[in-house]
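What follows is a single structure, written as structure tokens, with notes after it.
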Amino acid sequence: MNIETPVEALKPNDYASDQEVRWCPGCGDYAIIKGVHRTLAELQIPLEKLVFFSGIGCAARFPYYMASYGFHTIHGRAPALATGAKLANPDLDIWVVMGDGDALSIGGNHTMHAIRRNVDLNLLLFNNEIYGLTKGQYSPTSQLGTRSPSTPQGSVDAPLTALSLALGAGARFVARTFDTNQKQMPGVLKAAHAHKGASLVEIIQNCIVYNDGAFDGWTNKKVVSDNSISVEHGKPLIFGADSNKGLAKSDDGFGIQAVTIGENGVTEADILIHDETNKILAMMLADMKQPEFPVALGVLYNNPAKAFDEAVHEQLREVTEANPPGSLNDMLRKGRTWTVEEGA
Amino acid sequence: MATNVASTENGGRKALDSVVIRFAGDSGDGMQLTGTQFTQSTALMGNDLATFPDFPAEIRAPAGTTFGVSAFQINFASFDIQTPGDDPDVLVAMNPAALKVHLKDVPKGGTVILNTDAFSERNIARAGYTENPLEDGSLDNHIVIAIEINKLTNAAVADCDVTSKEATRCKNFWALGLMCWMYNRDRQPTIDWVNQRFGKLPNIAAANIAALNAGHAYAETVELPSGVEAYIVPRAKVVPGTYRAVTGTEAAAWGLVAGAKKAGLELFLGSYPITPASALLHTLTNLKPYGVTTFQAEDEIAAVCSAIGASYAGKLGLTSSSGPGIALKTEAIGLALVTELPLVIVNVQRGGPSTGLPTKTEQSDLFQAVWGRNADTPLPVVASATPGDCFETAIEAVRLAVKYMTPVIFLSDGYLANAAEPWEIPDADDVEPFPVEFRTDPEGFHPYLRDEKTLARNWAIPGTPGLMHRLGGIEKDYDSGHISYDSDNHHRMTKVRAAKIDGIANDIPAQAVATGEESGKLAVVGWGSTFGAINQAVGRCVKDGLSVSHIHIRHVWPFPANLEELLSKFDRIIVPEMNNGQMVNVLRAKFLVDAESITQITGQPFKVSTLEREIRSRVEG
């Protein structure tokens, strides 16, 4: 009797390479890579199908620490390389790891267009609101007034909000989580992976050296419940340590406001229900900032449309069926030709 | 205009050996179309030919201005020709601006055909004339055929259901009809083309055909001025075979597809629109059924990066652009080089620096191709000589890219891309295949394992079980492929990358002499699209017994192994280039030879006569 050996299930550690990790001790990236390993193990993605692309920056070292295929490219360009790879081989399971300077400054154009085109890529944006690898300069997501080696008197340009930008560019999937939120991260990553098309996940990440504590105001265990909200499709937008706060329509009816149930006549019925297919709601959630609002976490928007790579291949198939190719010689002889006879 | 005596054998037509015609008019007058149609008919008549489309960067500059003039020159003959001709025998000028720009090139006694309807006071002033050139004697040295082309066109299309604006637009076909009669060209190919092009607009098709026929009939009926008659240019004696008219863009596209097939790979083009390279994107996107994916990226950088990503995933990555776009791609080319992935970069060169002269030709990106990257980053560079030669050069670029796992730069230029010539269609089966073998064996694998002979690393693509690895721009360890900051290792890797490219010199044909002896007084060394003009100039000198040879370099980097020795057999070396002296400096740097530079940076191809003068001044007397 032949006993079939069951294929050994991949464990989170199987997704880690044998290379020594060189992030600073205490860096948020450690937690993120752990979350990614766990997610991949839950999804049981074969290592050979998995490709991690990255640009330049601390986050961009990510592929070296993965046991999958990986490509550490150049600053800001990872989405462009990943787009080419996905078009070349749609069977690949492609993840792109980017930092805030990488994805939103030098590579802003590629991020925007990968999202707009809806290429089936899992885009992980590690946002620590600072340039780490180049030693601490402010980034396009740094808060106004950030003091850094390049802005000793404080930055004077307004930061951008990654998810708002993405939604403005036509994103079909945006989500947010933070490095130490290991309870939430695998679920968010799995949803991003399930979404066929560009999935942008902003992962708020603490840079322990150059921007330590930048997010403590809402990620710290003591305040996270009151100062952030984890949204779930079809569930009321309620938050707070006592689950008595929520998001309701603003008084003018054009926006949202944070309210407390039981105060000022607010009842549970006033609380909005999260609809991940509602783009206007997603835009408002994405833009919520402390202290007026809790920071929105989870899948803010998930409304699939045809993926670019799928559309490209569909067109390739159609045009090839309609015009079956001949040999190379047929190609060279298509159109007007003439023949010169011997002795002509 | 070389002439034979008129004979009745030619139906009363006077036989000519060769003719150069230049069509010139406003950008919106359809001169490129007129030229292309005349070219097709001429090719089908069995003449050898070469063309030179010359148009402004503006799509439709203000009507009647000199900067809006668009021209198309064709040289056709009963013998083998290699250039679009130096000076036009016949100038067709559709307005005063076209006359103003181009008359200076027409030799004394040349024919000028004018559309007098366009010579209004306003247009004459717009062109910068203070007096009407038809009346001030400035055309006294030419044979002038002045015709009211607008009026005659309008009359010819009166029965077609078109507006007066649409009617006037047919005037280029009227002029084409006239030229078809004068040079005995068949109108049918043009009629077929019109019917196909305007299939959905039968009234427009009918009007254009009516105009074409009217111009033809007019020429047949009207009494032409003395000195002008009906001509015939007999077929050229060419090698038997199947021919077609081809532009450098088409030949390059087919060569790239053929190269990919010979490598057993599908082709992926990542590109961003730029003049004059966009036509390659347009041509390749119409070849999708031949295993071609085209991707119009968001910018030049994304274009090259997507191609690298595609190569990484197992296709043949290709990107195309012109000088300024190539500059933007530079960092990514370095990435392809250090990760040792195959990549073909097509540079259709144009006048520079910066935006420069987008629609004019130049070969000034040689330094950029050979040396224009940060760090020690050698890569192979090949350049094509003629429109048809773009086919073979493209295949060679692909071969080197996959065999040596390296980016390769393929230099074309605006002239080659747009110019047409008859091309003996090769048998694609004659091209030796060079199939890629992806690594599949995990035993002893690491990504930088090298072939002992070529020094190319092995190529394992994502999706292959057991060969997972990480590539990247950081220096890699020679023995493991892992990140390495070790100084000796970097020295070693830099040397091996250089040795790999240097080794290509032994895998390419030895440098041959295109015309002339293998040694002598003067070597004229050229590369790229100057081939035709140099070859013709040298050929004339050789015929006169002068000790001159033409050496044309296709493999611009690395050079063929015997080039240094070959050059040493000549007393003197000149290097004509459409730049301010680049190949001359590469040769001097590489071989310590006393090569002399001849430059022309006018955005126009060399004239044969210019080069002939330069050569004779060095070997005669």
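The values are calculated or read from the model by the stated rules, or taken from the named source; none is laboratory data. The structure displayed is predicted, hence computed values, not measured ones. No Cβ is skipped: glycine too gets one built from the backbone with ideal geometry, and neighbour counts run over all protein chains shown.
Of the helices (runs of 4 or more DSSP H) entirely within the stretch A:24-141, those holding at least 3 residues that are closer than 30 Å to B:Gly291 by Cβ occupy A:78-88, A:108-117. Does the stretch B:480-494 include one or more residues that are within 14 Å of chain A (Cβ to nearest Cβ), outside any loop (DSSP other than H, G, I, E, B), in contact with a strand residue (DSSP E or B) (Cβ under 8 Å, 6 or more places away or on another chain) and without any contact (Cβ under 8 Å) to a residue 60 or more places away in the chain? Checked the stretch B:480-494: at least one residue is within 14 Å of chain A (Cβ to nearest Cβ), outside any loop (DSSP other than H, G, I, E, B), in contact with a strand residue (DSSP E or B) (Cβ under 8 Å, 6 or more places away or on another chain) and without any contact (Cβ under 8 Å) to a residue 60 or more places away in the chain. The residue that is nearest to B:Lys403 (Cα to Cα), among those in the stretch B:275-306 that are surrounded by fewer than 24 Cβ atoms within 10 Å (Cβ to Cβ) and in contact (Cβ under 8 Å) with a residue 60 or more places away in the chain, is B:Ala279. Quick one: in the stretch A:28-66, of everything that is hydrophobic (A, V, I, L, M, F, W, C), touching a strand residue (DSSP E or B) at 6+ places or on another chain (Cβ under 6 Å) and more than 18 Å from B:Gly309 (Cα to Cα), which residue is farthest from the other protein chains (Cβ to nearest Cβ)? Result: A:Ile32. Quick check on the stretch A:82-104. Is at least one of its residues among the hydroxyl-bearing types (Ser, Thr, Tyr), within 7 Å of chain B (Cβ to nearest Cβ) and crowded, with 24+ Cβ neighbours inside 10 Å? Yes: the stretch A:82-104 contains one or more residues that are among the hydroxyl-bearing types (Ser, Thr, Tyr), within 7 Å of chain B (Cβ to nearest Cβ) and crowded, with 24+ Cβ neighbours inside 10 Å. Taken together, the criteria exclude A:Gly234 from residues that are within 14 Å of chain B (Cβ to nearest Cβ) and in a loop (DSSP other than H, G, I, E, B).
For the stretch A:190-210, the count of residues that are without any contact (Cβ under 8 Å) to a residue 12 or more places away in the chain, closer than 18 Å to A:Phe293 by Cβ and assigned to a helix (DSSP H, G or I) is zero. So, B:Gly199, is that one within 31 Å of the chain's Cα centre (by Cα) and not in a strand (DSSP E or B) or not? So B:Gly199 passes the test. Quick one: in the stretch A:17-32, which of the residues that are out of contact with any helix residue (DSSP H, G or I) (no Cβ under 6 Å at 6 or more places or on another chain) and aliphatic (A, V, I, L, M) is surrounded by the most Cβ atoms within 10 Å (Cβ to Cβ)? Ranking the candidates gives A:Ile32 first.
Could you tell me how many of the residues in the stretch A:284-319 are part of a helix (DSSP H, G or I) and either in contact (Cβ under 8 Å) with a residue 12 or more places away in the chain or over 16 Å from A:Asp120 (Cα atoms) (or both)? The total comes to 13. Evaluate the following for B:Ala125: is it within 24 Å of the chain's Cα centre (by Cα), of a type outside the set (Asp, Glu) and away from chain A (no Cβ under 14 Å)? Taking the combined requirement at face value, the residue does not satisfy it. Screening A:Gln137 on (1) at the interface with chain B (Cβ under 10 Å from one of its Cβ atoms); (2) more than 22 Å from B:Lys329 (Cα to Cα) shows it passes everything except condition (1).
The set of residues in the stretch B:211-244 that are under 30 Å from B:Lys165 (Cα atoms) and either modelled with pLDDT under 85 or within 14 Å of chain A (Cβ to nearest Cβ) (or both) comprises B:Glu223, B:Leu224. Determine whether the stretch B:495-509 contains at least one residue that is within 12 Å of chain A (Cβ to nearest Cβ) and in contact with a Pro (Cβ under 7 Å, 6 or more places away or on another chain). For the stretch B:495-509, residues within 12 Å of chain A (Cβ to nearest Cβ) and in contact with a Pro (Cβ under 7 Å, 6 or more places away or on another chain): absent.
Restricting B:Gly270, B:Gly309 to residues that are at the interface with another protein chain (Cβ under 7 Å from one of its Cβ atoms), in a helix (DSSP H, G or I), more than 19 Å from the chain's Cα centre (by Cα) and surrounded by 24 or more Cβ atoms within 10 Å (Cβ to Cβ) narrows the list to B:Gly309. For the stretch A:237-247, a residue qualifies if it is within 27 Å of the chain's Cα centre (by Cα) and not in a loop (DSSP other than H, G, I, E, B), and the qualifying residues are A:Ile238, A:Phe239, A:Gly246, A:Leu247. Considering the stretch A:142-171, and only residues there that are part of a loop (DSSP other than H, G, I, E, B) and hydroxyl-bearing (Ser, Thr, Tyr), the residue that is nearest to the chain's Cα centre (by Cα) turns out to be A:Thr161.
Within the stretch A:262-277, the presence of at least one residue that is touching an Asp or Glu at 6+ places or on another chain (Cβ under 7 Å) and either in a helix (DSSP H, G or I) or buried (at least 17 other Cβ atoms within 10 Å of the Cβ) (or both) is confirmed.
When the stretch A:1-23 is filtered for residues that are modelled with pLDDT of 95 or more and either away from chain B (no Cβ under 13 Å) or in a helix (DSSP H, G or I) (or both), the ones remaining, listed by number, are A:Lys11, A:Pro12, A:Asn13, A:Asp14, A:Tyr15, A:Trp23. Restricting B:Glu424, B:Glu432 to residues that are surrounded by fewer than 17 Cβ atoms within 10 Å (Cβ to Cβ), within 12 Å of chain A (Cβ to nearest Cβ), in contact (Cβ under 8 Å) with a residue 24 or more places away in the chain and at negative phi narrows the list to B:Glu424.
Filtered by the rule that a residue be crowded, with 19+ Cβ neighbours inside 10 Å and of a type in the set (Lys, Arg), the stretch A:282-316 gives no residues. Within the stretch B:245-262, the set of residues being facing another protein chain (nearest Cβ under 9 Å), of a type in the set (Gly, Ala, Ser), more than 28 Å from B:Tyr183 (Cα to Cα) and in contact with a Lys or Arg (Cβ under 8 Å, 6 or more places away or on another chain) is empty.
Every residue, every condition in (1) without any contact (Cβ under 8 Å) to a residue 12 or more places away in the chain; (2) touching a Lys or Arg at 6+ places or on another chain (Cβ under 7 Å); (3) closer than 22 Å to B:Gln349 by Cβ, yes or no:
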residue: B:Glu518; (1), (2), (3): no, yes, no
residue: B:Gly528; (1), (2), (3): no, no, yes
residue: B:Gly532; (1), (2), (3): no, no, yes
residue: B:Val538; (1), (2), (3): no, no, no
residue: B:Val542; (1), (2), (3): no, no, no
residue: B:His552; (1), (2), (3): no, no, yes
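Residues that are part of a helix (DSSP H, G or I) and over 13 Å from B:Asp117 (Cβ atoms) within the stretch B:139-163 comprise just one, B:Ala156. Within the stretch B:443-457, can one find any residue that is assigned to a loop (DSSP other than H, G, I, E, B) and either within 12 Å of another protein chain (Cβ to nearest Cβ) or among the basic types (Lys, Arg) (or both)? Yes, that holds for at least one residue.
Residues in the stretch B:458-475 that are assigned to a loop (DSSP other than H, G, I, E, B) and hydrophobic (A, V, I, L, M, F, W, C) were compared, and the one that is nearest to the chain's Cα centre (by Cα) is B:Trp459. State yes or no: is B:Ala336 within 14 Å of chain A (Cβ to nearest Cβ), within 18 Å of B:Leu267 (Cα to Cα), aliphatic (A, V, I, L, M) and in contact (Cβ under 8 Å) with a residue 40 or more places away in the chain? Here the answer is yes, as B:Ala336 does meet what is asked.
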